[in-house]
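The values are calculated or read from the model by the stated rules, or taken from the named source; none is laboratory data. Note that the structure is predicted; figures quoted are calculated from it, not measured. For neighbour counting, all protein chains shown are included, and Cβ atoms are generated from backbone atoms with ideal geometry for every residue, glycine included.
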Amino acid sequence: MSLFKNQPLKIYNSITKTKELFVPVTEGSVGMYVCGPTVYSNVHLGNVRTFMSFDMVFRYLNHLEYKVRYVRNITDAGHMEDDADEGEDKIAKKARIEKIEPMEVVQRYTLDFHGILEKLNNLPPSIEPTATGHIIEQIEIIKDIVAKGLAYEINGSVYFDVLKYNETKEYGVLSGRKIEDAVHNTRLLDGQSEKKNPQDFALWKKASPQHIMRWSSPWGVGFPGWHLECTAMSTKYLGEKFDIHGGGMDLKFPHHECEIAQAEACNGQSPVNFWMHANMLTLNGQKMSKSTRNNILPGEIFSGENKVLSKPFSPSVVRFFMMQAHYRSILDFSSEALEASEKGYNKLVEALKTLESVQVSQTSSFVVQDWENDCYSAMNDDFNTPILIANLFEAVKHINLLKDGKATLTQIDLDLFTKTLHAFVYDVLGLVTETTEQSSDKLEGVVNMLINMRKQARDNKDWAMSDHIRDELKALGIQLKDNKEGTTFIVE
Ligand SMILES: [Zn+2]
């Protein structure tokens, strides 16, 4: 029997503002969509927190033995500088400034994004579609919404008619905004907007002659509005009704509100059962901002190259630190807080090592099952990772008592204890206990020692020994390369 059948999971639904029992559309399967990054600059630490939160959700759903399809998009076109559908396309602007192709910008920052998330041990999503790869799907949706009378074309652009939509449906259902406050065009007052109403938002924008990223459409040459891609890609890969839609808190309005309106307009139903929003990250108690220099790049945390930090921190410590806060709470990032997390994390790692060598007994002095239930209860309560971690520290206490002979466990209980602990630490929280890092350091040391021995052999004209070392390493998949500066190696 699949694990999820015994684990009633409750998720806080942003649209109803309550914790609800999670029941998927299709039993045993979960469709989850998370708004991905706009790849025009290095990934922001706040966004990293959002993606890590949903990585944890993905991991826990997998752990519960759901079949999860996790879709996270890459926005590589259509995201304008402001939410009012005005200004320059963020990617095109960067391309213009750096005098490179927009797709070079996209490639550079997609690689940066993937690199950082991988370092932090985030699992890749099941599908990672791009906006530019789904222009046809987006055009089809616009045609549909226009045909239903809920969008209008003007001067080669198409806008969603929010007031018309609001006659039969409710716009603002997620953000709780009143229709009169849901204004999308700050420039309306100067009379420059071509929209019928300031609440309307762009589905398609006419491209000016200098706009590089452009496609043909029934309304002329242009590009899609930002909100549309998520409707196109979530519908395509997860269907008209799917289980979970996630993103950062800042996306509730207008982005997610517009997604709901678009999907309701073309499919006649609300697209998502559970809306989940991750809270923001502050730095030393203040909003992160490039202009005030209260800012840090994720890569700088690992290298320690930022004044904000006293020293570098490993990706696992950063991950542990973020998991110590609930995803819906504001998390404040500071050097002191990371140092405290590092201590806690080291204690946990130490305990996991100790556990490998504890002796079994005939009786158990504590009930492992109760502890295991507490771990599940924490996660089933809207993914409460701080409570889960508190339970992991309970386990650390038990391990230390076991080590000192002040507690006992039978073989069966010890196996359950170890299995559960490993599942939550490695599979659910996604922590890595740095052993891989340590062993690669050791490997480097050993190979360098052999390289030195081979050099000595060559200096002594002992060619047989020199070749032997090279061939044996090659057989292990380690290739030596001799060059002017000496010998280097590649692990295949
Ligand atoms: Zn989105």
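Filter the stretch 296-305 down to the residues that are among the small types (Gly, Ala, Ser) and not in a loop (DSSP other than H, G, I, E, B), then identify the one that is modelled with the lowest pLDDT. Don't jump to the end; show me each part of the working.
Of all residues in the stretch 296-305, those among the small types (Gly, Ala, Ser) come to 299, 303-304.
Keeping just the survivors that are not in a loop (DSSP other than H, G, I, E, B) gives 299, 303.
On the way: GLY299: 92, SER303: 88.
Looking at residues that are among the small types (Gly, Ala, Ser) and not in a loop (DSSP other than H, G, I, E, B), I get SER303.
Here's the yes/no breakdown for (1) surrounded by 15 or more Cβ atoms within 10 Å (Cβ to Cβ); (2) part of a loop (DSSP other than H, G, I, E, B); (3) of a type in the set (Ser, Thr, Tyr); (4) in contact with a strand residue (DSSP E or B) (Cβ under 6 Å, 6 or more places away or on another chain):
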residue: SER365; (1), (2), (3), (4): no, yes, yes, no
residue: GLN369; (1), (2), (3), (4): no, no, no, no
residue: ALA395; (1), (2), (3), (4): yes, no, no, no
residue: LYS406; (1), (2), (3), (4): no, yes, no, no
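What number of residues in the stretch 74-129 are touching an Asp or Glu at 6+ places or on another chain (Cβ under 9 Å) and in a strand (DSSP E or B)?
4
State which residue is nearest to ILE301 (Cα to Cα) when the search covers only the stretch 55-69 and only residues that are among the charged types (D, E, K, R) and either within 16 Å of the ligand (Cβ to nearest atom) or in a strand (DSSP E or B) (or both).
By that ranking, first place goes to ARG69.
Can you tell me which of ILE136, ILE116 is in contact with a helix residue (DSSP H, G or I) (Cβ under 8 Å, 6 or more places away or on another chain) and assigned by TED's automatic domain parsing to the domain that holds TYR40?
ILE116
Could you count how many residues in the stretch 210-228 are surrounded by 24 or more Cβ atoms within 10 Å (Cβ to Cβ) and of a type in the set (A, V, I, L, M, F, W, C)?
Adding up the residues that qualify gives 3.
Please count how many residues of the stretch 306-328 are over 12 Å from SER53 (Cβ atoms) and part of a helix (DSSP H, G or I). Break it down into steps so the answer makes sense when it comes.
Start the filter on the stretch 306-328 by keeping residues that are over 12 Å from SER53 (Cβ atoms), which leaves 306-318, 320-321, 324.
Pick out the ones that are also part of a helix (DSSP H, G or I) and you get 315-318, 320-321.
Count: 6.
Which is more than 22 Å from VAL432 (Cβ to Cβ) and not assigned by TED's automatic domain parsing to the domain that holds ARG59, of TYR327, TYR376, TYR345? Steps first, please.
Numbers: TYR327 fails: more than 22 Å from VAL432 (Cβ to Cβ); TYR345 fails: more than 22 Å from VAL432 (Cβ to Cβ).
From the options TYR327, TYR376, TYR345, the qualifying one is TYR376.
Yes or no, residue by residue, for (1) assigned to a loop (DSSP other than H, G, I, E, B); (2) crowded, with 22+ Cβ neighbours inside 10 Å; (3) away from the ligand (no atom under 13 Å from the Cβ); (4) hydrophobic (A, V, I, L, M, F, W, C):
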{"position": "CYS230", "(1), (2), (3), (4)": "no, yes, no, yes"}
{"position": "GLU240", "(1), (2), (3), (4)": "yes, no, yes, no"}
{"position": "HIS245", "(1), (2), (3), (4)": "no, yes, no, no"}
{"position": "ILE260", "(1), (2), (3), (4)": "no, yes, no, yes"}
{"position": "PHE274", "(1), (2), (3), (4)": "no, no, yes, yes"}
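Are there any pairs with C-beta distances below 6 angstrom linking a residue in the stretch 209-234 that is of a type in the set (A, V, I, L, M) to a residue that is part of a strand (DSSP E or B) and at pLDDT 95 or above, with the two at least 6 apart or on different chains, and if so which?
Final answer for the pair search is LEU228/LEU203.
List the pairs whose first member sits in the stretch 156-171 and is in a strand (DSSP E or B), whose second member is surrounded by fewer than 19 Cβ atoms within 10 Å (Cβ to Cβ) and not charged (D, E, K, R), and whose Cβ atoms are under 8 Å apart, counting only residues at least 6 apart or on separate chains?
Final answer for the pair search is VAL158/TYR152; TYR159/TYR152.
Which pairs do you get when a residue that is of a type in the set (Phe, Trp, Tyr), found in the stretch 461-477, comes within reach of a residue that is surrounded by 11 or more Cβ atoms within 10 Å (Cβ to Cβ) and at pLDDT 90 or above, reach meaning Cβ atoms under 8 angstrom, with the pair 6+ apart or on two chains?
Sorted first by the residue in the stretch 461-477, then by its partner, the pairs are TRP463/ALA457.
From the list ALA207, ALA182, ALA147, ALA151, which one is touching a helix residue (DSSP H, G or I) at 6+ places or on another chain (Cβ under 6 Å) and either of a type in the set (A, V, I, L, M, F, W, C) or crowded, with 19+ Cβ neighbours inside 10 Å (or both)?
Testing whether each residue is touching a helix residue (DSSP H, G or I) at 6+ places or on another chain (Cβ under 6 Å) and either of a type in the set (A, V, I, L, M, F, W, C) or crowded, with 19+ Cβ neighbours inside 10 Å (or both) leaves just ALA151.
Is it the case that some residue within the stretch 382-392 is assigned to a helix (DSSP H, G or I), in contact with a His (Cβ under 6 Å, 6 or more places away or on another chain) and in the same structural domain as HIS326 (by TED's automatic domain parsing)?
yes
Residue-wise test of (1) within 25 Å of HIS245 (Cβ to Cβ); (2) away from the ligand (no atom under 16 Å from the Cβ); (3) buried (at least 22 other Cβ atoms within 10 Å of the Cβ); (4) outside the structural domain of GLU229 (by TED's automatic domain parsing).
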site	(1), (2), (3), (4)
VAL71	yes, no, yes, no
GLY78	yes, no, yes, no
GLY87	no, yes, no, no
ARG96	no, yes, no, no
MET103	no, yes, no, no
VAL106	yes, yes, yes, no
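Taking the stretch 16-54 only, how many residues are touching a residue at least 40 places away in the same chain (Cβ under 8 Å) and part of a strand (DSSP E or B)?
9
Within the stretch 200-228, how many residues turn out to be assigned to a loop (DSSP other than H, G, I, E, B) and either among the charged types (D, E, K, R) or over 29 Å from the mean Cα position of the chain (by Cα) (or both)?
Final tally of qualifying residues: 14.
Restrict the check to the stretch 4-24 and report whether at least one residue is over 19 Å from CYS258 (Cβ atoms) and within 16 Å of the ligand (Cβ to nearest atom).
Within the stretch 4-24, not a single residue is over 19 Å from CYS258 (Cβ atoms) and within 16 Å of the ligand (Cβ to nearest atom).
Considering only the stretch 71-127, how many residues are under 26 Å from LEU203 (Cα atoms), at pLDDT 95 or above and basic (Lys, Arg)?
So the answer is 1.
HIS256: part of a helix (DSSP H, G or I), in contact with a strand residue (DSSP E or B) (Cβ under 9 Å, 6 or more places away or on another chain), within 16 Å of the ligand (Cβ to nearest atom) and under 30 Å from LEU21 (Cα atoms), yes or no?
So HIS256 fits the description; yes.
Of all residues being within 16 Å of the ligand (Cβ to nearest atom) and among the hydrophobic types (A, V, I, L, M, F, W, C) in the stretch 26-42, which is nearest to ARG293 (Cα to Cα)? Just the residue, please.
Looking only at the stretch 26-42, we keep the residues that are within 16 Å of the ligand (Cβ to nearest atom), and these are 31-40.
Narrowing the set further to residues that are among the hydrophobic types (A, V, I, L, M, F, W, C) leaves 32, 34-35, 39.
On the way: MET32: 35, VAL34: 29, CYS35: 26, VAL39: 21 Å.
Restricting to residues being within 16 Å of the ligand (Cβ to nearest atom) and among the hydrophobic types (A, V, I, L, M, F, W, C), the top hit is VAL39.
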